[in-house]
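A.B. asks: Got a structure here, written out as structure tokens. Questions coming.
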Amino acid sequence: MLVAFNKPFKVLSQFTDENGRRTLADYISIKQIYSIGRLDYDSEGLMLLTDDGQLKHNLSNPNKKVNKVYLVQVEGIAKKPQLDLLRKGFKLKDGFAQAVAIKSQLKQPSVVWKRNPPIRQRKNSPTSWVEITLNEGRNRQVRRMMAHVGLPVLRLIRISIGHYSLNNLSVGSHRIIDA
């Protein structure tokens, strides 16, 4: 079984929490499925869950180089030198990091939903959106890469993993898909 879930902001990527925060169990009642990778508590978007160990391995093993696509709202306007550096790659504390692909746009993408609570807005600080594709998923990697090039992340939404995507799945909803 493979389940796609659109994880809301401020939800843990696990089924239990000793501190009473919202978890996957607040949204998914299917038993014996496990997340394929994680999304940070303050990130949103596509999570895949499965009961199939081989599928989990194929989608999460770094050696398989499965692309993951993120929409990232950043503080400031993403400029060509910053995007070029993300494409070229650079060393972070835990190793070399490089975007497989990167695109920038000023306006909010049409697939983005309203967030509760909304991001903080500063009158004199514009924001822009970047679509970044990675084929690995180290801890807070997108946030650290964007900070490295001077673009602090305000909002991060994963929209696809491999050939699986959100496909208009509403926030907090899940659906069973064919693996």
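A.B. asks: Alpha carbons only, please: Rg and Dmax for the range 67-161, in angstrom.
C.D. replies: Spelled out, the Cα radius of gyration and Dmax of the range 67-161 are 12.8, 36 Å.
A.B. asks: While we're looking at this one, here's another question. Multiply the residue gap between residue 122 and residue 170 by 0.36 nm, knock off their C-alpha separation, and tell me the result in nm, one decimal place.
C.D. replies: Extra length available between residue 122 and residue 170 comes to 14.5 nm.
A.B. asks: Just subtract the alpha-carbon distance of residue 77 and residue 40 from 0.36 nm times their residue separation and send over the number in nm, one decimal.
C.D. replies: Using 0.36 nm per residue and subtracting the Cα-Cα distance, I get 10.9 nm.
A.B. asks: Could you calculate the contour length gain from residue 54 to residue 27, that is, 0.36 nm times the residue separation minus the distance between their Cα atoms, to one decimal place in nm?
C.D. replies: Gain on extension, residue 54 to residue 27, equals 7.3 nm.
A.B. asks: With N set to the residue count of the chain, report its C-alpha Rg divided by 2.2 N^0.38 Å to two decimal places.
C.D. replies: Taking N as the residue count of the chain, the ratio is 1.03.
A.B. asks: Per DSSP H run of n ≥ 4, the term is -39500 (n - 2.57); total these for the chain, divide by its residue number, and report the mean residue ellipticity at 222 nm rounded to 500 deg cm²/dmol.
C.D. replies: Calculated at 222 nm, the ellipticity per residue is -4000 deg cm²/dmol.
A.B. asks: Continuing with this model, one more query. Mind putting together the pair-distance distribution for the range 38-84? All Cα pairs, 5 Å bins, whole percent per bin, short to long.
C.D. replies: Pair shares across the bins are 4, 14, 18, 20, 16, 13, 7, 5, 2.
A.B. asks: Measuring from label point to label point, each 7 Å out along Cα→Cβ, what is the residue 148 to residue 88 span in nm?
C.D. replies: It works out to 1.3 nm between the two label points.
A.B. asks: Taking the Cα centre of the range 67-161 as the origin, how large is its charge dipole in debye, to the nearest 20, when only Lys and Arg (+1) and Asp and Glu (-1) carry charge on their Cβ atoms?
C.D. replies: 240 debye
A.B. asks: Enter the Cα centre distance for the pair the range 97-137 and the range 1-79, rounded to the nearest angstrom.
C.D. replies: After rounding, the separation between the Cα centres reads 18 Å.
Where a number appears in this text, it was derived from the coordinates with a stated rule and is not lab data. Since the structure is predicted, the reported quantities are computational estimates derived from the model, not experimental observations. Cβ coordinates were reconstructed from backbone atoms using ideal geometry, including for glycine residues, and neighbour counts include every protein chain displayed.
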